[in-house]
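Comments concern the structure below.
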Amino acid sequence: EAKAAGKNRFHFHTEVAAREAARQFELEAQLRLAIAREEFELHYQPKLGVDDRAVTAVEALVRWRHPNRGLVMPGEFIALAEDRGLIVAIGRLVIKMACRQIAAWRRQGIEPPCVAINVSAKQFADDVLLADLTAAMTESSVGGGELVVELTETALMADPERATGVLEALRRLGVRIAIDDFGTGYSSLSYLKRFPADEVKIDRSFVDGLPEDPDDLAITQAVIAMAHSLGMKVVAEGVETEAQRSALAAMGCDQMQGYLLGRPMPVEDLVGRLSKAVHGAVAPVLDGPSVH
Ligand code: C2E
Ligand code: MG
Ligand code: MG
Ligand code: MG
């Protein structure tokens, strides 16, 4: 009896696994088509000063405009794209779209904000990244100073020697470097000192517990102190409450991102906020919860 139940369970599990494999296979095929048809778009989330709430830059976040599923979030396709060797092609489209957006803002008389682009580990490991960046920058007449590349510790630590060289090459292009999701990967402090990064982004999981959780407070404080002593700016991710913002301000954190002051949004929504910077002489201030 127990044996029969075990056998059934086995069948159950293989069926589930087979269905999941079929689903992934279908998604992969659709993703290949999406790349050919360029069915992606970028949403933008502002990075703001913790103290003055002025927009200092925006982060480009990719979405897949699926013909019948609507907008698909990166959590549903980036890992698969990495696994099936499609991330470089998607990343190339993202870089191209970000640079074209900067050029479009300029044509519209809008002072373009600095745009941060997420680069995943496999994409960073591919030598074509620098060529893709240079091509897109040339096509849209974008300077390196208008771009930030966001990389995770994992991407950097896969091959620290090589990573140092690529970061130096990015710097020669004038592109700034941010270490994303900081604290979730494993990187030694000595490597952090070696990587020429400009910005450290404290992962949302630490910001979550602020201002009460003593461990999150201690970690956040330590990351801020360390980054500042190495000459890097600190951005807190996932700031959702005013209490979190003021705790970060008290700790000397430089910038923040989060639902409190700006969700990722389509470019049309962002422009309304940016244009304040052009028409008024003051930096744009985002106040109150934003629309999605
Ligand atoms: P990330 O780079 O750490 O981006 C931050 C994610 O947190 C975004 O999710 C953003 O919408 C979300 N977020 C921002 N503020 C808050 C908040 O206050 N609360 C909460 N709960 N969430 C917040 P999204 O857009 O779904 O992107 C998820 C991840 O997908 C990104 O994490 C990044 O690793 C990856 N990704 C996004 N766009 C690209 C891309 O163009 N290329 C690559 N390779 N990866 C990308
Ligand atoms: Mg990011
Ligand atoms: Mg992040
Ligand atoms: Mg994160």
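Figures for the structure shown
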item	result
Verdict on Ala163 being open to solvent by 30 Å² or more (accessible area, probe 1.4 Å) and farther than 24 Å from Asp216 by Cα	no
Options Ala135, Ala116, Ala131: the member that is open to solvent by 30 Å² or more (accessible area, probe 1.4 Å), aliphatic (A, V, I, L, M) and more than 13 Å from Val166 (Cα to Cα)	Ala135
Selection status of Glu150, within 12 Å of ligand 1 (Cβ to nearest atom) and either outside any helix (DSSP H, G or I) or out of contact with any helix residue (DSSP H, G or I) (no Cβ under 9 Å at 6 or more places or on another chain) (or both)	yes
Residues of region 167-210 satisfying the condition of being modelled with pLDDT of 95 or more, away from ligand 4 (no atom under 14 Å from the Cβ) and farther than 30 Å from Ser141 by Cα	Gly209, Leu210
Matching residues, region 58-90, being open to solvent by less than 10 Å² (accessible area, probe 1.4 Å), small (Gly, Ala, Ser) and within 16 Å of ligand 3 (Cβ to nearest atom)	Ala60
Selection from region 86-104 of residues that are within 28 Å of Leu27 (Cα to Cα) and β-branched (Val, Ile, Thr)	Ile87, Val88, Ile90, Val94, Ile95
Selection count, region 46-57, where residues are open to solvent by less than 20 Å² (accessible area, probe 1.4 Å) and assigned to a strand (DSSP E or B)	6
Among (1) open to solvent by 10 Å² or more (accessible area, probe 1.4 Å); (2) out of contact with any Ser or Thr (no Cβ under 6 Å at 6 or more places or on another chain), the one test that Ala103 misses	(2)
Which numbered condition Glu39 misses (of (1) under 17 Å from Val119 (Cβ atoms); (2) open to solvent by less than 40 Å² (accessible area, probe 1.4 Å))	(1)
Any helices (runs of 4 or more DSSP H) falling wholly within region 166-249 and containing at least 1 residues that are small (Gly, Ala, Ser) and closer than 19 Å to Leu260 by Cα	204-208
Residue ID - farthest from ligand 1 (Cβ to nearest atom), chosen from residues in region 72-119 that are in contact with a Leu (Cβ under 7 Å, 6 or more places away or on another chain), more than 16 Å from Leu61 (Cβ to Cβ) and part of a loop (DSSP other than H, G, I, E, B)	Ile110
Residue satisfying condition, being surrounded by 15 or more Cβ atoms within 10 Å (Cβ to Cβ) and either within 14 Å of Val50 (Cβ to Cβ) or touching a Cys at 6+ places or on another chain (Cβ under 9 Å) (or both), within set Gly209, Gly183, Gly238	Gly238
Whichever residue in region 138-159 is surrounded by 15 or more Cβ atoms within 10 Å (Cβ to Cβ) and over 17 Å from the mean Cα position of the chain (by Cα) and, among such residues, is nearest to Ser188 (Cα to Cα)	Met157
Residues that are farther than 23 Å from Asp213 by Cα and among the hydrophobic types (A, V, I, L, M, F, W, C), drawn from region 225-243	Leu230, Met232
From Leu230, Leu248, residue being surrounded by 16 or more Cβ atoms within 10 Å (Cβ to Cβ) and either more than 16 Å from ligand 2 (Cβ to nearest atom) or at pLDDT 95 or above (or both)	Leu248
Hey, Arg63 in contact with a strand residue (DSSP E or B) (Cβ under 9 Å, 6 or more places away or on another chain) and among the basic types (Lys, Arg) or not	yes
Residues of region 127-137 satisfying the condition of being touching a helix residue (DSSP H, G or I) at 6+ places or on another chain (Cβ under 9 Å), over 14 Å from Val94 (Cβ atoms) and modelled with pLDDT of 95 or more	Leu130
Pairs with Cβ under 7 Å, 6+ apart, first in region 203-230 and within 19 Å of Glu150 (Cα to Cα) and without any contact (Cβ under 8 Å) to a residue 60 or more places away in the chain, second hydroxyl-bearing (Ser, Thr, Tyr) and part of a helix (DSSP H, G or I)	Phe206/Thr220
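The values are calculated or read from the model by the stated rules, or taken from the named source; none is laboratory data. Just so it is clear, the model here is predicted, and its values are computed rather than measured. Glycine also receives a Cβ, built like all others from the backbone with ideal geometry; neighbour counts cover every protein chain displayed. Side chains are part of the model used for accessible areas, which takes the heavy atoms of the whole protein and leaves out ligands, DNA and RNA. Shrake-Rupley method; radii C 1.70, N 1.55, O 1.52, S 1.80 Å.
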